[in-house]
1. If residue 110 passes every condition in (1) more than 16 Å from residue 42 (Cα to Cα); (2) out of contact with any strand residue (DSSP E or B) (no Cβ under 7 Å at 6 or more places or on another chain); (3) at pLDDT below 95 but one, which one does it miss?
2. Would you mind finding the one in 155, 148 that is out of contact with any helix residue (DSSP H, G or I) (no Cβ under 8 Å at 6 or more places or on another chain) and assigned to a helix (DSSP H, G or I)?
3. Select from segment 23-32 the residues that are crowded, with 19+ Cβ neighbours inside 10 Å and over 9 Å from the mean Cα position of the chain (by Cα) and write down the one among them that is nearest to residue 121 (Cα to Cα).
4. Can you tell me which of (1) part of a loop (DSSP other than H, G, I, E, B); (2) touching a strand residue (DSSP E or B) at 6+ places or on another chain (Cβ under 8 Å); (3) at pLDDT below 95 is the one residue 32 doesn't meet?
5. Just to verify a result, which residue in segment 102-129, among those that are in contact with a helix residue (DSSP H, G or I) (Cβ under 8 Å, 6 or more places away or on another chain) and not in a loop (DSSP other than H, G, I, E, B), is nearest to residue 80 (Cα to Cα)?
6. Which residues, counting only those in segment 158-179, are more than 28 Å from residue 26 (Cα to Cα) and not in a loop (DSSP other than H, G, I, E, B)?
7. What is the residue count in segment 161-215 for residues that are in contact with a helix residue (DSSP H, G or I) (Cβ under 7 Å, 6 or more places away or on another chain), buried (at least 17 other Cβ atoms within 10 Å of the Cβ) and more than 12 Å from residue 44 (Cβ to Cβ)?
8. If I filter segment 87-101 down to residues being under 17 Å from residue 62 (Cα atoms) and assigned to a loop (DSSP other than H, G, I, E, B), which single residue comes out as modelled with the highest pLDDT?
């Protein structure tokens, strides 16, 4: 699975035939789901009360074998596939016949999968992850035996994290942009350096900048 312009392995999951596609979606890690898009420079201590990406943008689909499996578990979910289907069905495109179904009503065992074939998960409007089914077999003695353990994350890819650009010791927790007191844009800060550098003892903001919470993929 990957969530960047460069395809990189990020995680490996074991699933059972009785797992639903919605369970697969819930186990795909993405920093955007935990990020907050609002500028928090005026109230950094209230960042936990602001809704993150997963809470704001719940829609998404898995595209498998020419079928769009839409997540419709919440009333405010949008059928992302509708605009694509309308475009694909325009006269003269000849793109084949696409269908759609409900993600939370579809089990892994319902799929006629092609091993090693790239499929697509889309969320946050246009953010894409590639994923593949690489094996299909019976559960062995070396696998987790409790059904409740599935989907099971077997491994994760190694990715370089972003360290604080002040102390170079701790993982970045904040990003600032348009900051008139630092040499680079964006600039990455750990929690302590962010507050100590950008705010006075009374909590007042120093200088001009915008601040956003940063979520490192390695911390998910």
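1. (3)
2. Of the residues listed, the single one that is out of contact with any helix residue (DSSP H, G or I) (no Cβ under 8 Å at 6 or more places or on another chain) and assigned to a helix (DSSP H, G or I) is 148.
3. Only one residue fits best here, namely 25.
4. (1)
5. 123
6. Restricting attention to segment 158-179, the residues satisfying the condition of being more than 28 Å from residue 26 (Cα to Cα) are 164-170, 176-179.
Hits for segment 158-179 are 176, 177.
7. 3
8. 98
The values are calculated or read from the model by the stated rules, or taken from the named source; none is laboratory data. These numbers come from a predicted model, not from an experiment. Counting neighbours? That spans all protein chains shown, and the Cβs are built from the backbone with ideal geometry, glycine included.
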